[in-house]
1. Find the helices (runs of 4 or more DSSP H) located wholly in segment 40-98 whose residues include 2 or more that are open to solvent by 70 Å² or more (accessible area, probe 1.4 Å), at negative phi and of a type in the set (Ser, Thr, Tyr), and list them.
2. Is there a residue being farther than 29 Å from residue 157 by Cα and open to solvent by less than 70 Å² (accessible area, probe 1.4 Å) anywhere in segment 20-32?
3. Given the structure, is residue 3 open to solvent by 10 Å² or more (accessible area, probe 1.4 Å) and farther than 28 Å from residue 226 by Cβ?
4. Starting from segment 7-22, keep only residues that are in a strand (DSSP E or B), then list their pairs with residues that are open to solvent by 10 Å² or more (accessible area, probe 1.4 Å) whose Cβ atoms are within a distance under 6 Å, requiring at least 6 positions of separation or different chains.
5. What number of residues within segment 252-269 are surrounded by 20 or more Cβ atoms within 10 Å (Cβ to Cβ) and more than 14 Å from the ligand (Cβ to nearest atom)?
6. Looking at 187, 245, 199, 206, can you tell me which residue is touching a Ser or Thr at 6+ places or on another chain (Cβ under 7 Å) and more than 16 Å from the ligand (Cβ to nearest atom)?
7. Based on this model, can you work out whether residue 132 counts as in contact with an Asp or Glu (Cβ under 9 Å, 6 or more places away or on another chain), outside any loop (DSSP other than H, G, I, E, B) and more than 16 Å from residue 12 (Cα to Cα)?
8. Run residue 173 past the list (1) in a helix (DSSP H, G or I); (2) surrounded by 24 or more Cβ atoms within 10 Å (Cβ to Cβ) and report the number of the one that doesn't hold.
Amino acid sequence: MLENRRILLIVSGGIAAVKVPDLIRRLRERGASVRCVLTESGAQFVTPMSLAALSGDKVFQDLFSLTDESEMGHINLSREADIVVVAPATANIMAKMAYGLADDLATTALLATDKPVMIAPSMNVMMWEHAATQANLTTLQDRGVHIVGPGAGDMACGEVGDGRMAEVMDIVDALGEFFKSRIEHGPLSGHSALVTSGPTHEPIDPVRYIANRSSGKQGHAIAAALADLGAAVTLVSGPTQEIDPPGVKVIAVETADQMLAACTAAKPVNIAVCAAAVADWRVAESANSKIKKSDDGLPQLSLAENPDILATLAHAGKDRPRLVIGFAAETENVIDNGSAKRSAKNCDWVVANDVSAGFGGDENTVSLITQEAAESWPTLSKQAVAERLAARIADHMKNS
Ligand code: C5P
């Protein structure tokens, strides 16, 4: 459940911060990536160096760091995670969260995030039982913050009672449970989805191929977003640098023919999203050995047309997915061309994007074209586009 999950771990200033290195180790053993934000008081208990070494990432500490802000920015820091975990969560940071204070990087990220938040409170028993802390706890719970622990026992301060941070493995298990239950109760649970992503590589000979600049970022993000809403997702992907999205069955292919075969084998599904940049042509007969330069002139390559995977899925008879979505990468007349593609390929929706700025970036400006309307979305991260599309798909599946 934690494989490839991105965890933003906020470490505030309690003695239990000494357990954080072990927490990071356990999370990473389970395939999660951990990025740490360390508060000023947290740094009294654990060093940024140890967190950086164990997380394998930079540790973020300063709201006003010019370098960090230009490279990442506190808003992105909180958004580029699947969950934000505060461990240990002191009485102080809980109070700030309850009141919406944002006076350092940790609290600013907590206020700016649109992601689920889990806290592992850790404090003296009297502080925990204090009416103020209990009121803050209720406020946070009412807002949907997930609470793990605290447990009871001997405390570093010598007193005994509630307030000990949950054991490391209890936090790890709570995170696993969180992702599991989100999938089981998600709006797309019970639905199956097929997503294509990435470019295809069409061999010329054993060492050369025809390809394109697709990064696979958008398709992979869509697969991840659908899985997060509970769909059983098969991602058929051409060669990319992207990591396999959590909880998704990934089938790696190279050519358009292989992609079509994998898509056909993945059916029946009730949702299909074709985000792959499938090569339009392949070399009609690729050579079995490397084509050599010769004095007899240039090699002649004759091309053959590749199958249109989207059109094939969208035209298939009774096992046609209920919702088929295509992409249209256009450099001009984005909406008109996207609408024409929607009809020509018989798909239900088209996500049309302007690629005049080029491929491979982290952001996308798209319009969602349905039979009824064309809706232009603002420029968003590819992840945000994916989440928004997945939410629209979930609405559609509920209402249709
Ligand atoms: O025709 P064009 O390549 O512009 O159409 C783009 C849409 O069609 C995308 O959704 C792409 O994944 C899909 N497509 C496909 N198979 C092809 C060509 C495009 O699935 N051979």
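The values are calculated or read from the model by the stated rules, or taken from the named source; none is laboratory data. What you are looking at is a predicted structure, and each value in this text was computed from that prediction instead of being measured. For neighbour counting, all protein chains shown are included, and Cβ atoms are generated from backbone atoms with ideal geometry for every residue, glycine included. Note: areas computed on protein heavy atoms with side chains; ligands, DNA, RNA excluded. Shrake-Rupley method; radii C 1.70, N 1.55, O 1.52, S 1.80 Å.
1. On the way: elements: 48-55, 66-71, 74-79.
It comes to 66-71.
2. The initial filter retains those residues of segment 20-32 that are farther than 29 Å from residue 157 by Cα, namely 28-32.
Checking the rest, the ones that are also open to solvent by less than 70 Å² (accessible area, probe 1.4 Å) come to 31-32.
Yes, the conditions are met somewhere in segment 20-32.
3. On the way: open to solvent by 10 Å² or more (accessible area, probe 1.4 Å): yes; farther than 28 Å from residue 226 by Cβ: no.
In short, no.
4. 8/35
5. The qualifying residues number 1.
6. Values: 187 fails: touching a Ser or Thr at 6+ places or on another chain (Cβ under 7 Å); 245 fails: touching a Ser or Thr at 6+ places or on another chain (Cβ under 7 Å); 199 fails: more than 16 Å from the ligand (Cβ to nearest atom).
Of 187, 245, 199, 206, the one residue that is touching a Ser or Thr at 6+ places or on another chain (Cβ under 7 Å) and more than 16 Å from the ligand (Cβ to nearest atom) is 206.
7. On the way: in contact with an Asp or Glu (Cβ under 9 Å, 6 or more places away or on another chain): no; outside any loop (DSSP other than H, G, I, E, B): yes; more than 16 Å from residue 12 (Cα to Cα): yes.
It is false that residue 132 is in contact with an Asp or Glu (Cβ under 9 Å, 6 or more places away or on another chain), outside any loop (DSSP other than H, G, I, E, B) and more than 16 Å from residue 12 (Cα to Cα).
8. If we test residue 173 against (1) in a helix (DSSP H, G or I); (2) surrounded by 24 or more Cβ atoms within 10 Å (Cβ to Cβ), just (2) comes out false.
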